[in-house]
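The values are calculated or read from the model by the stated rules, or taken from the named source; none is laboratory data. Everything quoted here is computed from the prediction, not taken from an experiment. Neighbour counts run over all protein chains shown; Cβ positions are idealised from the backbone, glycine included. Please note that ligands, DNA and RNA were not included when accessible areas were found on the heavy atoms of the full protein model with its side chains. Shrake-Rupley method; radii C 1.70, N 1.55, O 1.52, S 1.80 Å.
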Amino acid sequence: MNMHLPIGISVDCTILGYEDGKMKVLLIKRDKFPEPEKWSLPGAYISEIETIENSAKRVLNELTGIQNIFLTQVGIFDEPNRYPDHRVISVLYCALIKPEQFELIAGSHAKQVSWHNLDEIKTLPFDHNKMIEHSLNWLKEEIWRKPILNSLLPDKFPLNQMKDLYQLILQAEIDNRNFRKKVISQELVERLDEKTKGGQQRPAFLYKFKE
């Protein structure tokens, strides 16, 4: 057995958004072998002259037009047979963004780029379904520790809007009173001297994430 076969290193990006009450993930339609014409996460090989993180930023920009966002490394995927023909190890990055703030421009081997509802995702090439699941599990852990959802919610929001997003991510019902106590006690948010306006419901205080 040859233990010294060449190994490729790639980066893949799970870019998550929240729009119209739905969690969304950014996918590209591939324009090259393997898996041409299939929707997948944005990804490509790293460059020999870049760090892995800078490669991820470059690849994301080349494939989708998105740049100047904060990417977090969330995992490494190294199953020997995850990619056809040869061994490829992928470093997975994740980011949360507001879809309406970015213009999508397909480039490189991306024939198209668009947002897809997470609950409607079918089977993706390679291990990209596992990558999305891994990213969501990372997100479920982080949302109770850091105000990272400020990249998904408006600058000011009522707590029930925040709770709806938490329930969507956690895929579980959350008691309203306990949720309010937890996010306030952990100092994730601060209350503003403003209330919601309009609508049929009673005006509610607005909150913002703490810096």
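As a summary of the residue check, Phe126 satisfies the conditions (1) farther than 30 Å from Asn81 by Cα; (2) part of a loop (DSSP other than H, G, I, E, B) except for the one numbered (1).
Arg30 passes every criterion in (1) open to solvent by 60 Å² or more (accessible area, probe 1.4 Å); (2) in contact with a His (Cβ under 7 Å, 6 or more places away or on another chain) apart from (1).
Considering every residue within the range 8-21, establish whether at least one is outside any strand (DSSP E or B), out of contact with any strand residue (DSSP E or B) (no Cβ under 9 Å at 6 or more places or on another chain) and over 30 Å from Glu100 (Cβ atoms). Within the range 8-21, none of the residues are outside any strand (DSSP E or B), out of contact with any strand residue (DSSP E or B) (no Cβ under 9 Å at 6 or more places or on another chain) and over 30 Å from Glu100 (Cβ atoms). Pairing each residue of the range 22-36 that is in contact (Cβ under 8 Å) with a residue 40 or more places away in the chain with any residue that is open to solvent by 70 Å² or more (accessible area, probe 1.4 Å) and in a strand (DSSP E or B), provided the two are 6+ apart or on different chains, yields C-beta distances under 8 Å for Ile28/Lys111; Ile28/Gln112; Lys29/Lys111; Lys29/Gln112; Arg30/Lys111; Asp31/Lys111. Looking across the range 66-92, just one residue is closer than 12 Å to Leu26 by Cβ and open to solvent by less than 20 Å² (accessible area, probe 1.4 Å), and that is Ile66. Determine if the range 98-119 includes at least one residue that is open to solvent by less than 50 Å² (accessible area, probe 1.4 Å), among the basic types (Lys, Arg) and touching a residue at least 24 places away in the same chain (Cβ under 8 Å). Yes, the conditions are met somewhere in the range 98-119. Summed over the range 120-167, the residues that are surrounded by fewer than 15 Cβ atoms within 10 Å (Cβ to Cβ) and of a type in the set (Val, Ile, Thr) give a count of 1.
Yes or no, residue by residue, for (1) within 22 Å of Leu152 (Cβ to Cβ); (2) outside any helix (DSSP H, G or I); (3) aromatic (Phe, Trp, Tyr):
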position	(1), (2), (3)
Glu48	no, yes, no
Arg58	no, no, no
Ile69	yes, yes, no
Val88	no, yes, no
